[in-house]
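This report refers to the structure that appears directly beneath it.
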Amino acid sequence: MASERATVPPDVFISDLYKPSVDYKDDMGSDKPPSEPGPDPEPPTAQEQEAMDIEPEPPAPDDSPDWRYPLLQCLVDGTLPSDQAEARRVARRAKTFVLLNGEMYKRSPSGVLMRCIPRQEGIKLLQDIHSGACGHHAAPRTLVGNAFRQGFYWPTTVADAMEIVRVTEPTKL
C-alpha cells in the first residue's frame, strides 16, 4: 500500500510508533499509572517477571567493545547514545534486530533470523570453517556465506574472513 501510494482501505488502521510498544519492568509505559488500583489488580507472576528480565551483556573484556551492546540497550530499555549521530545510527539499525528468549537475532531481508554473536566467536567460527570443519580452504565470500547459512551474524564478517584467508593461505612462489 505505502509503496503504491494507494488509498488505505477503511478497515485498515495505521499508527506510527515513536517508542517501543513493550513495557518493561522498570518502565511505567506511555500512560501514567492509575492513582487507585482497579477492583482486582493482578500482580505479575514469577514466570512473567522472568520473561521481562533481559540483561544486556557488558562489553567484552578485550580491546574492542561488544558490537551488540548499544543495540541491546536500545532494544531492552530504549536507551540511546548521547551523541545525536550515533543515536540515529543505533535507532535505525535496531529496527532489524529482535530479542527472543534473551538472545539477539538479526532479521535478514528474507525474514530469516540469524543469531548475533560477538566478534571473537565469529572469528573462531570462520577459522573452523576455513580449516576444514565444514569443507575446504575457501575464499572469504564463501566463508561468509557458510557462516550466514549456519545462522550466525556479526557486522565485520567479510573483513574478518578476508583477514583469516590472507593470514592462513601459504604464499605462492
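The values are calculated or read from the model by the stated rules, or taken from the named source; none is laboratory data. Here the structure is a predicted model, which means the values were calculated and not measured. Cβ atoms come from the backbone with ideal geometry, glycine included; neighbour counts cover every protein chain shown. We work out accessible area using only protein heavy atoms, side chains counted, and drop any ligands, DNA or RNA first. Shrake-Rupley method; radii C 1.70, N 1.55, O 1.52, S 1.80 Å.
What part of the accessible area of the stretch 64-104, given as a whole %, is carbon or sulfur when the probe is 1.4 angstrom?
Details: 1240 of 2440 Å².
Taking all protein chains in place, the stretch 64-104 shows 51 percent carbon and sulfur surface.
Tally Lys/Arg at +1 and Asp/Glu at -1 over every other residue whose Cβ is under 13 Å from the Cβ of Val112; what's the total?
+4
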